[in-house]
Amino acid sequence: MATNISNNPSRALHDGGQPSRVVASVRVLDVRKPCREHVWVEFDARSLPASEPGQFLQVVCAPDAAIPDHAVDWTEGRLPQLSGVDWQGRTPQVRRPFSIADRWTAADGGDRAAIISRAIGPGTRWLDNLQPGAMLSITGPLGVGFAIPPIGRPLVLIGGGVGIPPFLYLARRLLELGHRDLTLIFGVQSRDLMPIEVVASPAPDGAASACLRLPSGDAPPAIVTTDDGSLGLRGRVTDALAAWLKQRGESGRAALVYACGPEPMLHAVARQTRAESLECQLCIERLMGCGLGTCLSCIVQTPCARSAAGWRWTLSCSSGPVFDRDALIEFAH
């Protein structure tokens, strides 16, 4: 069952009357642990409208059950006094945003999609314990995805930790479109937190190799970094990008860089790509309570010539989460 929704009636339907986003209950088809703290949740995507890499879903991370009342002391002018016991047994009330980690047509012709979650709270721990056959409530696809250039340009996909998932979908789409000059740079804290299959030892000097196999089965050139040196290059994704630029020489100057991950990483990539005169698109992470532009929890500053201040507030859930680097004030300098 799917219901069409929109925070903008003029965008509610695509040409031909097809909904652009829905609230849908989808059947979970597969749940597996690709690494120590991540879970891959695959589901039937037949009720999900057409999507683009970089878009996201809002997911209910709780079963359909009555929520018990629970009193919390909250007097005027004083923050709620919460302790560990107040969170025990609590059920998340707000949907959680997840990048679409992949979407494809299965061998049986079915439409499949997946998200990757890292367990950090009661909602994501609930996803950890899902079983095939369970129903999952999703809203989406939401937001603006990655802009894809014409074929022939070097492309570098930089994912850090939980910023890796959207690039599995983007890499699939780029390869389907015929892009071949494609390099992955994936950084994690340690080997046991790499959420995709490692098929060969990544080079410790930052040389790109076919060391990772994507869910699509492809293994484009990749550079892996880890904080502790347990896999690939010991260092950060910016070290890997520097190594890639050195390997490519002048041809690397035409590259378009895509990046997603923790904000300190995105700031570092923004500074580096600007210094190297590289174009860059950032998929940013913001708290998103609704994903529909209603709760105003995901605002960012963007340039605005009409404003006396030179900027305005923009919602990353509807105008993003993918932005050109220089379209975000905090990453533009």
Cα centroid separation, the stretch 254-278 to the stretch 104-171 (Å): 21
Binned Cα-Cα distance frequencies in the stretch 184-333 - 5 Å width, integer %: 2, 9, 16, 17, 17, 15, 11, 7, 4, 1, 0
Rg and Dmax of the stretch 243-310, Cα atoms only, in Å: 15.9, 46
On Cα atoms only, tilt of 237-248 relative to the major axis of the chain in degrees: 30
Rounded accessible area of I284 (nearest 10 Å², 1.4 Å probe): 10
Per-residue [θ]222 nm for the chain (sum of -39500 (n - 2.57) over DSSP H runs n ≥ 4, rounded to 500): -4500 deg cm²/dmol
Förster-model FRET efficiency, 56 Å R0, E176 and L296, C-beta, rounded to 0.05: 0.95
Rounded to 10°, Cα long-axis angle of helix 263-275 versus longest principal axis of the chain: 30
Förster radius 25 Å - calculated FRET efficiency between R36 and S201 (Cβ-Cβ, nearest 0.05): 0.85
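How long is the gain from R312 to Q247 if the chain were fully straight, where each residue apart is worth 0.36 nm and the alpha carbon distance is subtracted?
Details: separation 65, 0.36 × 65 = 23.40 nm, distance 4.00 nm.
The R312-Q247 span can extend by a further 19.4 nm.
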Kirkwood-based Rg to Rh ratio, the chain, C-alpha trace: 0.97
Helix 165-177 axis, angle to the chain major axis (alpha carbon atoms, nearest 10°): 60
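If I take every Cα pair under 8 Å that is 6 or more residues apart in the stretch 119-258, average their sequence separation and divide by the length, what percent do I get for the relative contact order? Intermediate results must be reported in sequence, preceding the final value.
Details: 220 pairs, mean separation 30.8, N = 140.
Relative contact order here is 22 percent.
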Amide H partners (placed H, <5 Å) of C211, local residues excluded: A222
Share, in percent, of DSSP beta bridges within the chain that are antiparallel, nearest 5: 65
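Relative contact order (percent) for the chain, with alpha-carbon contacts under 8 angstrom and 6 or more residues of separation?
After rounding, I find 16 percent.
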Spacing of the two label points (7 Å from each Cα toward its C-beta) at C304 and A275, in nm: 3.3
For the stretch 127-213, alpha-carbon Rg relative to the globular expectation (2.2 N^0.38 Å, N residues): 1.30
Percent accessible area from carbon and sulfur atoms, the chain, protein chains only, probe 1.4 Å: 52
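The values are calculated or read from the model by the stated rules, or taken from the named source; none is laboratory data. Nothing here was measured: the structure is a model prediction, and the numbers come from that model. As a convention, Cβ positions derive from the backbone with ideal geometry for all residues, glycine included, and neighbour counts pool all protein chains shown. The area values use the complete protein model at the heavy-atom level, side chains included, leaving out ligands, DNA and RNA. Shrake-Rupley method; radii C 1.70, N 1.55, O 1.52, S 1.80 Å.
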